[in-house]
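*Asks:* I am attaching a structure below and will ask some questions about it afterwards.
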Amino acid sequence: MAVDVKISASKIPAQREERLFHILLNHVREHNYSFALWRLPNTQTKNLIISFTSTPPSNITLEELPEGFIFHPFDNQKQSHFLKADLSFSFLNGSLTKPRTPTEISSQNWLQEVVSKTVAERAKPNFTKKNNADNSVDRDKFEQLVQTSIQQIEAGTFEKIVPSRSKTINLPDSFDVIEAF
């Protein structure tokens, strides 16, 4: 399948990484889309995907999923959520990188249109605060999870398990997710 490359990163008017993140995250907020923003360990490349829908994967193996990001709780009774990468961007050294995949190519075509329509400086993305139930795991339950994980690895069920905990904190209204990242 041939891919028609219509754009390179240089065709997007010169914009600072922070400005492009603000444009993208404002779009996410305005349209109530989901997103994932991450950087792999020991790398400087920042990856951002935007998903128009969040869907639980239905009995599909990880290798069969399209480009995207999956959130899977350690409690198998809870549902996973998969964010399909409808838009995908990578940034390195403060700039948008050259697109490497068909999704990144179409994403940069889309971004070129959005940037050309964005005349005024937009405010920093402002996400509404939600009063979610505290999902933190207490220390005893976490230590039990670690012990169960070790047993499962020793039994050969898993090769690797990465348990984690969460902590709910209140952020000031002036908090900027891009600046913090």
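*Asks:* Can you put Asp86, Asp138, Asp176 in order, fewest other beta carbons within 10 Å first?
*Replies:* In order of increasing Cβ crowding within 10 Å: Asp138, Asp176, Asp86.
*Asks:* Something else: Take the residue pairs Lys84/Lys117; Lys141/Lys167; Lys46/Lys117 and return only those whose Cα atoms are more than 21 Å apart.
*Replies:* Those over the limit are Lys84/Lys117; Lys46/Lys117.
Every read-out reported here was derived from the displayed coordinates using simple, explicitly stated rules and does not represent laboratory data. Not measured: the values here are computed from a predicted model. Here the Cβ is made from the backbone with ideal geometry for all residues, glycine too, and neighbour counts use every protein chain on show.
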